[in-house]
Amino acid sequence: MRAWEVPAVPTLPGKAPLPRIHDTAAGTIVPIEESQAASLYVCGITPYDATHMGHASTYVAFDLLNRAWRDAGVTVTYVQNVTDVDDPLLERATATNVDWQWLAEDQTELFRTDMSALQVLPPAHYVGVVESIQWLFPIVEDLLARGLAYRVHGYTDEQGVVHPDGDIYLDLAAVRALPANEAGYSWEPGQVSHMSREEMLEIFAERGGDPERAGKRDALDPLLWRAAREGEPSWQAGSLGPGRPGWHIECTMIARHFVDGALTVQAGGSDLTFPHHDLGSGHSWAVANRPHARHYAHTGMVGLDGHKMSKSRGNLVLVSKLRAAGVDPAAIRLAIMSQHYRSDWFWTDELLERAIERLDVFRRAVAVADGSDDSAALQALDRTRALLAHDLDAPAALDELQLWAEDALTAAERAEAGEGERIGGGALITDVLSARFGISL
């Protein structure tokens, strides 16, 4: 699957420090020690609706990490999936009377245009679940053969829906019983989220699980393979029979296909901490006897009018609609980056207005900062790099650049009055905003 065009990224003088980031599993800010090469997996969209601000916040946040690594001289392998077959997508296609494949591609293309407008660096590997099925199902066959997965019998639920024989689940008890590897690592559910079993059970069904499924050995066992149902798309998959992937396994296998060994960072929204990242880490342990990722990073939730922004609630602020209304994508991105990526926050008109005003200040400042002394701009670059290296503190880093911009405007006014000289560095700050923040002036 194609991604989107790569935006220009200027090369800055000097070299940034290696970033540190809050690791959800560790519960603290940790150094990311890879100095030569790193891998990043950010869970992608289920393409049944347009890109809302919660999506944009996640992809902009980890674009900052991607850019931080690159400015530190680190080569980055960035992988992202598209869940282009899943229950919500099929339900939306049925409700709107359109072909599910058409809906998936239409919304994926809209996502591409939103990401391009927001200057998000594209993944090197942008992979749909559908195209991964042929290298996914042999892994499920292997898990069955090793006794780490099991089939369940079909049944008819209380609504009269027939669930056929052949659904396949990961056996969490069997996975937990695997011996530690040579590095001393072993797996337990809750390693990423730090949730108790009671907490996991409480939210499992809310986030895509099926704890009440008849025949499961454990309510938390995740679905690996969904046997074919009438009216649903399915694929022939060797001894598994016709069907389609469950949840978690596709991200695990896509990451494994393109990255040799554990990911440097597995990232996504905080609502993916459990079950997706917790149970996905169990998949990797079962498949390859190694951790799925060295670090896990998560963004906070974005809300509107006091509620989390979500498709089910219908309170979405869509990037595409803001763009269609004439809002500069750079202002949208500035508004997002004015909030720390790990915080929960609310989108407001005032937040966007402040971002529009800040963008205007930057543009006016770099236009007049044409003096011979660029020392202040170089100092701003150093401070910006240090702040972004400390858990991607974009709000503080942008404040530093705004201080430079305000000084540049003041110096220009004084120079016009014959009371001093303009400061320099306008071209450098333009490059800093482009390279480190994805803001084109």
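The values are calculated or read from the model by the stated rules, or taken from the named source; none is laboratory data. Computed from a prediction, not measured in an experiment: that's the story for all the values here. Quick reminder, even Gly has a Cβ in these numbers, built from the backbone with ideal geometry, and neighbours come from all protein chains shown. Accessible surface is based on the protein model in full, side chains and every heavy atom, while ligands, DNA and RNA are left aside. Shrake-Rupley method; radii C 1.70, N 1.55, O 1.52, S 1.80 Å.
Among the residues of segment 308-321, those identified as modelled with pLDDT of 75 or more and over 20 Å from the mean Cα position of the chain (by Cα) are ASN315, LYS321. Among the residues of segment 266-281, those that are among the polar types (S, T, N, Q) and open to solvent by less than 10 Å² (accessible area, probe 1.4 Å) comprise GLN266, SER281. Taking (1) over 26 Å from ASP210 (Cα atoms); (2) among the polar types (S, T, N, Q); (3) under 14 Å from the mean Cα position of the chain (by Cα) in turn, GLN119 satisfies each apart from (3). Among the residues making up segment 255-265, a single one is open to solvent by less than 10 Å² (accessible area, probe 1.4 Å) and either basic (Lys, Arg) or more than 14 Å from HIS277 (Cβ to Cβ) (or both): THR264.
Just one of the numbered conditions (1) touching a helix residue (DSSP H, G or I) at 6+ places or on another chain (Cβ under 7 Å); (2) touching a residue at least 60 places away in the same chain (Cβ under 8 Å); (3) more than 15 Å from THR299 (Cα to Cα); (4) open to solvent by less than 10 Å² (accessible area, probe 1.4 Å) is not true of LEU12; which one? With (1) touching a helix residue (DSSP H, G or I) at 6+ places or on another chain (Cβ under 7 Å); (2) touching a residue at least 60 places away in the same chain (Cβ under 8 Å); (3) more than 15 Å from THR299 (Cα to Cα); (4) open to solvent by less than 10 Å² (accessible area, probe 1.4 Å) applied to LEU12, the lone miss is (4).
Okay, residues lined up against (1) small (Gly, Ala, Ser); (2) within 26 Å of the chain's Cα centre (by Cα); (3) open to solvent by 30 Å² or more (accessible area, probe 1.4 Å):
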position	(1), (2), (3)
TRP135	no, yes, yes
GLY184	yes, no, yes
PRO189	no, yes, yes
ALA205	yes, yes, yes
GLY208	yes, yes, yes
GLY215	yes, no, yes
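Number of residues in segment 31-56 that are hydroxyl-bearing (Ser, Thr, Tyr) and either without any contact (Cβ under 8 Å) to a residue 60 or more places away in the chain or surrounded by fewer than 23 Cβ atoms within 10 Å (Cβ to Cβ) (or both): the value is 2.
Note on segment 43-61: residues that are in a loop (DSSP other than H, G, I, E, B) and not polar (S, T, N, Q) total 7.
Of all residues in segment 256-300, those satisfying the criterion of being touching a strand residue (DSSP E or B) at 6+ places or on another chain (Cβ under 7 Å) and either modelled with pLDDT under 95 or among the aromatic types (Phe, Trp, Tyr) (or both) are PHE258, TYR296.
The rows are residues; the columns are (1) assigned to a helix (DSSP H, G or I); (2) open to solvent by less than 10 Å² (accessible area, probe 1.4 Å); (3) out of contact with any Leu (no Cβ under 8 Å at 6 or more places or on another chain).
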position: HIS283; (1), (2), (3): yes, yes, no
position: ARG313; (1), (2), (3): no, no, yes
position: LEU316; (1), (2), (3): no, no, no
position: SER320; (1), (2), (3): yes, no, no
position: ARG323; (1), (2), (3): yes, no, yes
position: VAL361; (1), (2), (3): yes, no, no
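Here's a check for you: in segment 151-177, which residue that is among the hydrophobic types (A, V, I, L, M, F, W, C) and over 16 Å from ASP221 (Cα atoms) is most open to solvent (accessible area, probe 1.4 Å)? Among those that are among the hydrophobic types (A, V, I, L, M, F, W, C) and over 16 Å from ASP221 (Cα atoms), it is VAL162. Checked against (1) surrounded by fewer than 21 Cβ atoms within 10 Å (Cβ to Cβ); (2) touching a residue at least 24 places away in the same chain (Cβ under 8 Å); (3) among the small types (Gly, Ala, Ser), GLY243 passes all but condition (1). If we scan segment 382-404, do we find a residue that is of a type in the set (Lys, Arg), open to solvent by 30 Å² or more (accessible area, probe 1.4 Å) and not in a helix (DSSP H, G or I)? Scanning segment 382-404 turns up no residue that is of a type in the set (Lys, Arg), open to solvent by 30 Å² or more (accessible area, probe 1.4 Å) and not in a helix (DSSP H, G or I). Within segment 111-118, the presence of a residue that is modelled with pLDDT under 95 and open to solvent by 30 Å² or more (accessible area, probe 1.4 Å) is excluded.
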